[in-house]
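Contents: one structure, followed by commentary.
All of the numbers you see were taken from the coordinates with simple rules; none came from a lab. Since the structure is predicted, the reported quantities are computational estimates derived from the model, not experimental observations. Because the Cβ atoms are built from the backbone with ideal geometry, glycine has one as well, and the counts that use them run over all protein chains shown.
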Amino acid sequence: MSEPTAESYKVKCPKCSKEFDAAKAPLCSCLVAVRTPSCPSCGGCFCSLPDQERQRFWSTAPPSLWARRLNQRFQNKRCDAPDVPIDLRRPLILVADDERDTLAVACMLLRSFGYGSVPSEDGQEAFEAALRFKPDLVLTDAMMPRLDGRRLSSRIKEMPELASTKVVIMTGLFKKEQHKTEALREFHADAYLKKPVAPEELRSLLSTLVGPPQKVKPRK
């Protein structure tokens, strides 16, 4: 893959090996959550590639391709989590994930556990929210537009005002148990969760890192 520019993203088709501009090619019709551009010559796409190769494809993609991905995947959908009042008396968890369905489910789980939640749909938005709300923990996807999980974690760790904030990386890229150490080192994270995240595993990890949620009496 060549280095992308603002106008183009030259890649080789994994099926026929012909080079094409992924930034201008149509997205495939595969029945997957995140579709990839399809080759104009043979219709081949990147959906069947291993996880790490797909990550390499998206990590170097230009912002325009990310925008197309998000607009098509989430057209006429929205995450209702931002409208939920934030109760600062509870342990506060910031969730960063560009997959809105995943984001909504994560926020719903956190509220059901008794934690407060702040949702963000990309890394830059998550960093700005972290500076504003000073969360107890940031739960972030590994691959996001504008600022990926690695850079988000590094920036949080560099800020003195966020020194006490824990970072948990969520990814499906590291599938074997021995890969956890590698993931923690690469992402400068305090803990690791394999996607799809199991609710009880999430609850147990949060209890360990930030403590159990406080029982808050309803406001009168």
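A compact table of results
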read-out: Of K157/K194; K24/K166; K24/K134; K157/K195; K166/K194; K12/K157, pairs whose Cα-Cα distance is over 28 Å; value: K24/K166; K24/K134; K12/K157
read-out: Counted charge near C42, where neighbours are those whose Cβ lies closer than 9 Å (Asp, Glu -1; Lys, Arg +1); value: +2
read-out: Amide H partners (placed H, <5 Å) of V95, local residues excluded; value: V118, S120, L139
read-out: Phi to ³J(HN,Hα) by Karplus 6.51 cos²θ - 1.76 cosθ + 1.60 over region 136-142, Hz, x for Gly, Pro; value: 6, 8, 10, 9, 10, 5, 6
